[in-house]
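Worksheet: the structure to be examined is printed underneath.
The values are calculated or read from the model by the stated rules, or taken from the named source; none is laboratory data. Values in this document were obtained by computation on a predicted structure and should not be read as measured data. FYI the Cβ positions are ideal-geometry reconstructions off the backbone, even for glycines, and counts take in every protein chain you see.
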Amino acid sequence: MNLGRLPAPLVDGALVGAALADTWVYVDIGDRVAMACALLAALALTLRRRLPLTTFVLTLPTALVTDAVFATIAALYTLSSLSRRRVLLAGCALAFAACDFLPWPWSSVRPAELTRTPSLIQLIYTLATAAAPVFLGQLVQARRELSLRLAEISEAREHERLLTDQRVLAEERAQLAREMHDVVSHQVSLIAVQAGALQVGSRDSETRRAAATIRQLSVQTLDELRHMVSVLRASGGRRTELTPQPSLADLRQLVAGSGIEAELETDLPDDLPPTMQRAVYRTVQEALTNVRKHAPGARATVRIHHGAGALHTIVTNTAPTRPALALPSAHHGLVGLRQRAELLGGTIDSGPTADGGYRLHLELPAEDWPNHE
């Protein structure tokens, strides 16, 4: 068991109890001076963490007048584990050895007895007893400092790894920004230019309207691309302001600029939670994009209402009137919408209708909103 993980009051209480037991074994209850010194030493152990040197000084008399030296050894160990002053520790160890070796009262000491072999052995034993808690305390202090150094090294390595990851990410973002600026933006610009030329040069009104829609969407896409490039080029430096997130107030503009014949029906308030507003907007945006790509000439209807404790967004379109062009697609649109709906606790259903069209239904829980039907 690691004593360092035990609560400090529990450890201190155990040491005081051991010191009192040591007193009960080695101190005569009738010797008031010895008993007072031993009790003082035992109680002084409660101060060993805050005042280690004072605690050792208070425990030293019991080593002089009694054989109960547990409190003094514990105090010396604590002082050694907390202090870096080796001269002080050596002096404390010698003081403890002297108090433990010399009999009390000192007047009973006979110089001739100190030269006898048993006395020399006792002196060596006393010095070893005094040195042991010092060495052990220094060892514990070194182990604690080593653990702190290892923790600092691990933290430094983790910080270095994070910096490396950020540098790699910044390089990838810069490369992606260059690709978007040099390739995607250039091609979208050409689309906008060609659409503008077609709008001006065509005599057919329907073709001019289609060209105007293409040009408008191309210009809007270019603006979004430029902002995305600026965000990518920031690369974790200064904070770049993000584009304002769409809300229900932007739905009519989205439907009007979709490039298809679409109708919007909604009676929702404008104070819905922003997350729900974004989910509705992105769902309608993806649905109208799919109609424009996969059902040319179809008409779309967007209905958004609240009922039965849920918010319903339904986008339906009629059958296409002309064949769809083969356009590249990663088929991630509906997957992303379904994931967004699941995060809000909702569902998305989609599928063909009986008349050859298509229907997409987003349902989000909204029990806290009043029924506007």
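Observations
- Taking every residue in the range 49-64 that is within 11 Å of Leu76 (Cβ to Cβ) and pairing it with any residue that is outside any helix (DSSP H, G or I) and charged (D, E, K, R), at least 6 positions away or on another chain, the pairs with Cβ-Cβ distances below 6 Å are Thr55/Arg48.
- Residue in the range 177-190 that is surrounded by 10 or more Cβ atoms within 10 Å (Cβ to Cβ), outside the structural domain of Leu89 (by TED's automatic domain parsing), of a type in the set (Gly, Ala, Ser) and modelled with pLDDT of 75 or more present: no
- Thr46 being crowded, with 22+ Cβ neighbours inside 10 Å and either assigned by TED's automatic domain parsing to the domain that holds Tyr125 or under 26 Å from Phe135 (Cβ atoms) (or both): no
- Residue in the range 217-224 that is surrounded by fewer than 16 Cβ atoms within 10 Å (Cβ to Cβ), modelled with pLDDT of 80 or more, over 35 Å from the mean Cα position of the chain (by Cα) and at negative phi present: no
- Ala279 being touching a Lys or Arg at 6+ places or on another chain (Cβ under 9 Å), surrounded by 19 or more Cβ atoms within 10 Å (Cβ to Cβ) and either small (Gly, Ala, Ser) or not assigned by TED's automatic domain parsing to the domain that holds Ala341 (or both): yes
- Filter pass, Arg149 being outside the structural domain of Ala90 (by TED's automatic domain parsing) and free of Cβ contacts under 8 Å to residues at least 40 places away in the same chain: no
- For the range 59-107, the candidate set comprises residues that are within 51 Å of the chain's Cα centre (by Cα) and under 17 Å from Val27 (Cα atoms); within that set, the residue that is surrounded by the fewest Cβ atoms within 10 Å (Cβ to Cβ) is Ile73.
- One residue from Ser147, Ser119, Ser107 being of a type in the set (S, T, N, Q) and modelled with pLDDT of 85 or more: Ser147
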